[in-house]
Structure formats: structure tokens, C-alpha cells
Amino acid sequence: MENNEPIVYDDAHIRRILERVKTIAMVGASANDMRPSYFAMLYLQNKGYRIFPVNPRYAGKEILGETVHPDLASLPEVPDMVQIFRRAEEVPPIVEEAIRIGAKVVWMQLGIRHEEAAARARAAGLEVVMDRCPKIEYGRLFGEIGWLGVNRRTISAKRGRAVQLKRKKGGLIR
């Protein structure tokens, strides 16, 4: 039985993971540009991460310039992190494979949590994050977004450039 209590992670802990990780195996990566995994892969690639898409349906094909692998065991190198875009009931064998190949972090996407698999990963020495999106956490923790833009006083329509706003009597000025 899964616990439905909210999971709380220390921001410094999440930040350390995102700073340390350089390679990510994205299990459940999709070639469909309307799927969340596609957006997450594109965003994380643009932030400098090397992404290894893992999906037996697309094995041998390419997603965003990277060859898709059928499973974690077939990756050309051990990824720092295994990001899981699969249903919760599919998590345990993925975690076991992550342990077997020597990954350091298992990250379950938003809405995905599996307490028993997480405990197994921790017991094997892996760090675990559940029910979070690294794309969202990266943007939030590294200053690209505030939660819903609240109290950031930063507005931008251009990628990578933010304009700091200052308050002036009667409105905002640049």
C-alpha cells in the first residue's frame, strides 16, 4: 500500500543532486513531442545534461539526437541518475536494474512514488527522489522560475534572459 502523505525534500538536497548529476537515463522517454518526457529531455539537454533515452518501443531509433536503448543494461555507460517516467507498479524492476548497473540516484517523476522500491534503492546506497520533476526543480532552484512566478519580481519572454522589475509609484519600471 502506498503512502499518500506529501513528500518533503530539502531544497539543498535536491540542488546537490542536480549539480552533481551529469548523465541521466530517462526510462520511458517518448519520441512524441507532446509528452512530458520529451519536454523534460529537451530542457535537461539544454542545461548540459547527457540524456540516455530508454524505451524498448523506440530501441535503436533516436530521440533528440540520442540513440534510444531498450533497457538500462544496454547503456554505453553507467548514468549518474535514472529518471523514471513509468507507472508506479513498473518502478520496482527499474530500481533493481538501476542498482545492478551502479547508478547513484533514482528519480521518480511527478505523480510517481513507490515506497518499497525507494527503500530498496536507499538500502543499496542510492539517493531517491519521488514525485518530483527534475525539469521543474532545476528551474525553481536555479532561478529560472519561481513557483507560479510569485514574488520573483522577474519577467521575461526571452529564453535565458530575465528582466528585473522595480516598483515605482503608479506602476513598474525597468
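Looking at (1) at pLDDT 90 or above; (2) over 23 Å from Gln83 (Cα atoms); (3) of a type in the set (Ser, Thr, Tyr), which is the one condition that is false for Ser156?
Going through the list (1) at pLDDT 90 or above; (2) over 23 Å from Gln83 (Cα atoms); (3) of a type in the set (Ser, Thr, Tyr), Ser156 breaks only (1).
If Ile51 satisfies all but one of (1) surrounded by fewer than 19 Cβ atoms within 10 Å (Cβ to Cβ); (2) over 18 Å from Gly111 (Cα atoms), what's the number of the condition it fails?
Result: Ile51 passes all but (1).
Looking at Val91, is it closer than 21 Å to Pro36 by Cβ and in contact with a Lys or Arg (Cβ under 6 Å, 6 or more places away or on another chain)? Talk me through it step by step, then tell me what you get.
On the way: closer than 21 Å to Pro36 by Cβ: yes; in contact with a Lys or Arg (Cβ under 6 Å, 6 or more places away or on another chain): no.
In short, no.
Within the range 4-114, considering only helices (runs of 4 or more DSSP H) that don't extend past its boundaries, which have at least 1 residues that are of a type in the set (Val, Ile, Thr)?
The qualifying helices (runs of 4 or more DSSP H) are 11-20, 91-101.
For Lys104, state whether it is farther than 25 Å from Asn32 by Cα, modelled with pLDDT under 90 and either in contact with a strand residue (DSSP E or B) (Cβ under 8 Å, 6 or more places away or on another chain) or surrounded by 15 or more Cβ atoms within 10 Å (Cβ to Cβ) (or both).
no
Scan the range 121-131 and give yes if some residue there is of a type in the set (A, V, I, L, M, F, W, C), in a loop (DSSP other than H, G, I, E, B) and crowded, with 19+ Cβ neighbours inside 10 Å, otherwise no.
Scanning the range 121-131, I find at least one residue that is of a type in the set (A, V, I, L, M, F, W, C), in a loop (DSSP other than H, G, I, E, B) and crowded, with 19+ Cβ neighbours inside 10 Å, so the answer is yes.
State which residue is modelled with the lowest pLDDT when the search covers only the range 1-35 and only residues that are surrounded by 12 or more Cβ atoms within 10 Å (Cβ to Cβ) and among the polar types (S, T, N, Q).
Selected residue: Ser30.
The values are calculated or read from the model by the stated rules, or taken from the named source; none is laboratory data. Quantities reported herein were computed from a predicted structural model and do not represent experimental measurements. Neighbour counts are summed over all protein chains in view; Cβ atoms, including those assigned to glycine, are modelled from backbone coordinates with ideal geometry.
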